[in-house]
Every structure is written in C-alpha cells, then in structure tokens.
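Below is one structure, written out as structure tokens; the observations come after it.
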Protein chains: 2
Amino acid sequence: MIEPKEALRIILDEVKLQSVEKVNLMDSLGYVLAEDVFSDMDIPPFDNSAMDGFAIIASDTVGSLRESPKKLTVLGSLRAGDVSNVKVVSGSALKIMTGAPTPAGADAVVKKEDTFLNDNEVSVLSEIKKGENIRLAGEDMIKGEKVLSIGTCLKPQQIGLFASLGKSKVKVFKTPTVAIISTGDELVEIDESLKPGKIRNSNTYSLTAQVMLCGANPLSLGIARDNVADTKKKIELGLDNSDVLLTTGGVSMGDYDVVKDVLGDLGAELKFWKVAQKPGMPLAFWRLDDKLIFGLPGNPVSTMVCFEEYVRPAVLKMMGRKLIFRSEVNAVFEHDLKKKSGRVFFVRVNVRRKNGEFYVSLTGPQGSGILKSMSLADGIAVIPSDKTLIKTGDKVKVHLVNLPEDH
Amino acid sequence: MIEPKEALRIILDEVKLQSVEKVNLMDSLGYVLAEDVFSDMDIPPFDNSAMDGFAIIASDTVGSLRESPKKLTVLGSLRAGDVSNVKVVSGSALKIMTGAPTPAGADAVVKKEDTFLNDNEVSVLSEIKKGENIRLAGEDMIKGEKVLSIGTCLKPQQIGLFASLGKSKVKVFKTPTVAIISTGDELVEIDESLKPGKIRNSNTYSLTAQVMLCGANPLSLGIARDNVADTKKKIELGLDNSDVLLTTGGVSMGDYDVVKDVLGDLGAELKFWKVAQKPGMPLAFWRLDDKLIFGLPGNPVSTMVCFEEYVRPAVLKMMGRKLIFRSEVNAVFEHDLKKKSGRVFFVRVNVRRKNGEFYVSLTGPQGSGILKSMSLADGIAVIPSDKTLIKTGDKVKVHLVNLPEDH
C-alpha cells in the first residue's frame, strides 16, 4: 500500500506528451498549442480610423471651439474596406468610416459627433490632438513577433487571434482516447430490467462524462464479465483503440477479480496496487508500451474520486496542459469528523465562500457507493492520513471539483 | 446612453426559458435538468457486501483474536450478480464477494484479510461488529425520494446517478442556437489573401468559441456586406434558424451601418442602443417575437467583452442555469490608471492569487482592437463610471473569465 502522493507521482512520471496534429482552427478550442506562433504581418495591417468621422490634420483644429469651429473642405468619403488616393492637406478633410485606412496627409480623426457637416464643408467643434482616433499599423501585433507560446490552452480569444492572422490550421497535441470498461457479473445495462442480485452499470456513464470534461475522447466498451475470456477480449480491444484504458471493479480481493491476472498475462507492468486512501483503496496502475492503464475500484464514488485525483491530471498532462490540478483552497471545516489513521480520506463536501473565506460541509453519508452525496459535492476535502479527528473550525485542503459558476 | 447595469437588467428581463426536450443520458452533460427526479427504487436495491470476505453472524465472533480465532463452517460461495438460498446460522459462514447480496441470517461481513481459510473452515481473526461491511438497501436512495431538482446543471456525478436509477432519457432545457453574422466590407475570410484596406474576419471565430463554451450551439453565417440587401438576407436567415442572433459591426455612426435600419424594417423592437462603457459603447439590443438580437460592436475586443458581460448571462439564463455570472472577486490593482468619468471601463487583466488575496495587472494596451492583451487576460476588471483614477493598491471588482485551471 502506497501513499496517495506517491501514487500520483508514479502515474505522472509515466505520462508521455501526446503526438502533434494539425486541426482546423474551429476544432482547436480547448486543445493545447503544440507550437510557438509568430505573426507574419502587422495587425492591424495599416493605420486606420477608430471612429466614424473625418480624417484631418490635427494642427488645423488649434483654437477650435463649438462657438467658433474651424471649417475644412471635405474631399470625399472613404468606407471601410476601400482605399483612397486622396491626400489630405491643410484646410481639407476626408470623411472616413471606422476601420478604413487613414489617407495620406491626415494625422488624426475627429469623430462625427464632434463635427457639423454642411454640404462639403465640415465644422470641427473642438481641438483634436495629433494621432487621435487613429489605430496604428502593428499596434496589436508586429510582423515577426511571437504572439502565442507552445503550451497555451486555446480559448476563444486565442481562436480570434489566430483568425486575425489568417491561420486556419493549428498544431495541437492530439486529444487522447480513453477506453472505459466496467467489470462485474452483477452489472446490467441501464435500460435492462433489474433481476435479483443485479445493479445497473453507472460507472461507464459517470466516467464517460468525466473524460468528456477533460476534453479527451471517451470510448465506452460496456461491461466485461468476471471471467478471463471476456475480460481479456475487452481489455485487448481497449488497448488497441486507446491511449488510456480504465477498468472499474475486479481489482480487489475477490475470487473473480480477474483484471490483474489478465493484464499480467498481456505483459502490462504493474506500477502499484492499493493506495492508502478512502475511498479508492484497491486502485491499481499499469503501463503497457505507451498505454496507461488504471484499475479503478468498482464502487461508483471510488471510481469518480480516483478519476478526479489520478486519471484527470494524467490525461491533462498528456494533452500538454500546464495546470493539471483542480484549484486547491484552504477551507474551514464545519463538522467534527473522526477517522482512523493510516489512510487519506477524500471527503465529499459542499463549498461556500463568505467574505473571501471558504467553508465546507459534508454533503451526506460518505460510503463509497453513495452517489447522492457525490452528486451534491462541489469539492473533495483531503483529510491527511495521520489525522484521527477534524473539529469544527479546523482548516482542511479542498480540491474544487465544480466551480460555483458550473451550477 | 444607458449604464451597463441597466443594459444587463433590460436584457435579462427579456430572456425566456427554453422549451423542454428529452435527450439521451449521455447527451445531457452540461444541460440543465427540466424536471424533479425521484428514485423509483431503493439504491442499492438489496443489502450487499462492501468487501470480499465471509457473511457471518457477528455474535459468533465475540472474543475472537488472531491467537484464538473463532472457527466457522463455510456453507458455500456467492459471487456478485448471484443470489443464494443458503441461510447463515450460528457457527456457519458464506463466502461472499463485494456487491453480492448478503444471505439470510448473516448480519455482518468479515473481510478476507481478517480471516484464514482451511478447506471449508474459516478462522475469524478479530471481533466483528453487527452491520460491519454490509451496505444496506436504500442507503444511497430510497424509493420515492427526490434525488435531483429542476435547475441542476448536469455533471458527471448526476449522469452516474441517473444511470444507477436506470434512466436513459433525461428532460432538459433545450440548448439555444446562437447565430453569428459579422458585418463589414473590409472583412475577408481567414484563408483569403489580404488586399489593401482589408482585414480578416476574426469575430466569427472568437464568438463561435464563446458560444460553444456556454454550451450553446453556434450557427456561423459568415460575413454580411455593408448594404441593406445582403445584411437583410443574412439577418433573416439567422432569425429563421436561431434563438439568439449576434451581429458584429454596423451599429455605430457610419454611413454604411445598416444593421439598425434592417432590424427596424423587420419589426424588431430596439430595447437600447449605446451603453456607457469602454470598450463596447455602440452595443445595441432588440427583441423580435421570441428572439433576442445583440448588435455587438465590430472591434474584436469590444465584441468579446460584450459577449462576456451581456450575451453569456442571457444564454445561460435561457438554458435554465441558476448561476449565470462569472465569479466576481475583489482584487488589488497593481497599476495607476487614469480614465475619464462617465463610462465604466472593462479592463483586461492578469489575475494572480497570493495568500488568499487576488492581484490583477493589465495585460497590455487596452485599445478595443488589441486582441493580444485579450488573449493574455484571465479576468475583466470593472472600473466604475465615476472613477477617474485607480491607484496601485486600490481594490477593484474583477470578473474571472478564465479560471487558473483552464490554462
């Protein structure tokens, strides 16, 4: 039996970064950039007007007032998307729309609201400073500049930045495929009827959703029965078609717990079995070639907690994400909780924030089969192995699983 | 010109909850539950063993010690998924696997690690308490109990809970379709070559990604040119196929800003135009029948910020989400910033957390076309309208746009 920290270290040491693929820009949301990106042009590409108004020479407006405006001759009009050969000289102006290139000669734009137009004569109602309302070429990005770094997780603003640079393909780290096998003779599929002794296979569903929220591809392989032949067939199928394989159940002390035997036969290297934690003690972890294999316990909550604490960081690391852990906060515990020493307890809690301080309370009974208290949890409080008593008001570390805004 | 708060209030007042649809369980992740859900059975459905071991009568083990174990006759073995007709009587035990129903007569399970088996006689190496290692029927959910409430945003743990109840279909609020039209003669598509005076259409891409991150369906309709005919055609197409329509550009003071005219002709009711904010001043908002229409400004950052501050909460409210706003924190500002009074400034900032306190610094120049400083931002600091100076060390409100773990 090893400590949770040691288990996590072993897992993360085995993670290899995914290979690189080129995807369409709109498919890259949430992926991690696998290249440094440089601008191959100035953005904006040309000086342009930030306002609808008139391109002018700023010095022409010295002393301009609403009561005694300076008047300029309008040489024409320029819309966004067009270019003009007109040169603005002292005493003249060019009507200009937002985004249109500023014409030669002009060094400022007076916005429409600060003018009065009469035929082809525009009155400027205030003094305008040189450069006012002109966006300079390259003020966003300069040609040759590094604008995004490898390892950036792509969000809407980076997608927009790529678009403005005309990059319709992006190099990203491939999203891993995570195969999921639930094991157990007691399991039936969710729309089958329940016979005595049977329960429904919920782990496939919760795990599939957890994989999806990581941004990885789930591959659900259904239920493997508690015999070597069926378990081996499903595991081989999973290994052939995934980067990470998850099994649930079949890793405990039972006579029909065949997962470990099957993986041993297939040549997988067992890195550890059993972690000093509750829930999730029977957790096992193997490596086979480039594949990571997690033997998750069968209880619904154990499975979900082990995914959160071990599988999720591994998958995010494979994808090239820099921050692979949930936000961890110190929170005030609102119960007395007794436990035996020797195991870390992962406790399902509700998280509240009040005056900048976090408070957590238990969401209900903590049995490893009790999904209801998991479904109410925003966080997992981590109670250290050596503690035997946590008292109301004590501080505990909490991994924030659902942020408030996710509700 | 209205205040940002008033603009938001007007928008949210116009939001109608989406209609309800039934979706497959695995398609419901991130949706909002549109019904209260009751358990139609006990979960677990029967008392069962939490361990691999032996089902026994606890009182048989009184006085049991490793040195002088009590010995019980093993009546047989029961695997998960099976049921047994065996009745455990004093002096006997039934070998049992995790998840198997506890047999009649037994009131505890001793785990395998605490026993020693010799043929059909098991030695129990310690005293076992009544109820130990037995999971009671209904300990997770009781038949008839309300287990999930309308308005719950479905996450992996709720998906698992539905599965355990055998519910393969879920009633949720329909995800809205958000149509996106970029307007402007200056725009070219991202893989076209750039001619003088032209820039690339980045808004369609950043908005599409923002819509996706809300959990809504984006419908990208490309570029509408700055003339009534083309703009009208695209807007009609958008209205016919969406719940929310976004346009970018064409809502300012320019001669070719036709969006307002077209929507007026189509009978849309203009709820407001112009908000006292920077960026995003020309924001406009209409209602037409059940459709909400946002006229977003054309500058890339104005568009994104207006989406964040106005469109996102509206879309989340339509979807039935309870918490529709980003987390707001008070943060220490790390610059001196001068501004004119009369407008709220939305400022792009980098957010750091240190000793439980948030600190924010500007990500770069704040021009409304400067995507680079947007691409580096984790938050939007909200500088009140009446402020003209924020000093280093002052506290400001910050909307957290990207949580640290998103990087």
Just wondering, is there one or more residues in the stretch A:220-230 that are at positive phi and in contact (Cβ under 8 Å) with a residue 60 or more places away in the chain?
-> no
Within the stretch A:203-232, can you find the residues that are under 19 Å from residue B:82 (Cα atoms) and within 10 Å of chain B (Cβ to nearest Cβ)?
-> A:225, A:226
Got a sec? Which of B:298, B:393, B:342 is touching a strand residue (DSSP E or B) at 6+ places or on another chain (Cβ under 8 Å) and at positive phi?
-> B:393
Answer from B:94, B:125 - the residue that is within 29 Å of residue A:183 (Cα to Cα) and at pLDDT 95 or above = B:94
Out of curiosity, is residue A:340 surrounded by fewer than 23 Cβ atoms within 10 Å (Cβ to Cβ) and part of a loop (DSSP other than H, G, I, E, B)?
-> yes
Does residue A:200 fit the bill of being of a type in the set (Lys, Arg) and facing chain B (nearest Cβ under 7 Å)?
-> yes
What about residue A:364, is it part of a loop (DSSP other than H, G, I, E, B) and over 30 Å from residue B:147 (Cβ atoms)?
-> no
Odd one out for residue B:380, checked against (1) at pLDDT 95 or above; (2) in a strand (DSSP E or B); (3) surrounded by fewer than 22 Cβ atoms within 10 Å (Cβ to Cβ); (4) within 14 Å of chain A (Cβ to nearest Cβ) | (3)
Filter the stretch B:167-191 down to residues that are facing chain A (nearest Cβ under 7 Å) and without any contact (Cβ under 8 Å) to a residue 40 or more places away in the chain and give me whichever is surrounded by the fewest Cβ atoms within 10 Å (Cβ to Cβ).
-> B:191
Quick one: which of A:63, A:30 is under 23 Å from residue A:129 (Cα atoms), touching a residue at least 24 places away in the same chain (Cβ under 8 Å) and either out of contact with any Gly (no Cβ under 8 Å at 6 or more places or on another chain) or within 14 Å of chain B (Cβ to nearest Cβ) (or both)?
-> A:63
Which listed residue is crowded, with 18+ Cβ neighbours inside 10 Å, under 30 Å from residue B:243 (Cα atoms), not assigned by TED's automatic domain parsing to the domain that holds residue B:156 and not polar (S, T, N, Q), from B:56, B:11 = B:11
With respect to the numbered conditions (1) within 14 Å of chain B (Cβ to nearest Cβ); (2) assigned to a helix (DSSP H, G or I), which one is the sole condition not fulfilled by residue A:41?
-> (2)
Could you please find all residues in the stretch B:259-296 being part of a strand (DSSP E or B), surrounded by fewer than 20 Cβ atoms within 10 Å (Cβ to Cβ) and among the aliphatic types (A, V, I, L, M)?
-> B:270, B:288
Taking the stretch B:44-71, which residues are charged (D, E, K, R), over 30 Å from residue B:164 (Cβ atoms) and not in a strand (DSSP E or B)?
-> B:60, B:66, B:67
Which one of these is closer than 19 Å to residue A:10 by Cα and within 11 Å of another protein chain (Cβ to nearest Cβ): A:312, A:348?
-> A:312
Test residue B:235 against the stated conditions and say whether it is within 14 Å of chain A (Cβ to nearest Cβ) and touching a strand residue (DSSP E or B) at 6+ places or on another chain (Cβ under 9 Å).
-> no
Residue, surrounded by the most Cβ atoms within 10 Å (Cβ to Cβ), within the stretch A:119-147, restricted to residues that are closer than 30 Å to residue A:30 by Cβ and at the interface with another protein chain (Cβ under 7 Å from one of its Cβ atoms) | A:140
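The values are calculated or read from the model by the stated rules, or taken from the named source; none is laboratory data. Values in this document were obtained by computation on a predicted structure and should not be read as measured data. Note: ideal-geometry Cβ built from the backbone for every residue, glycine included; neighbour counts use all protein chains shown.
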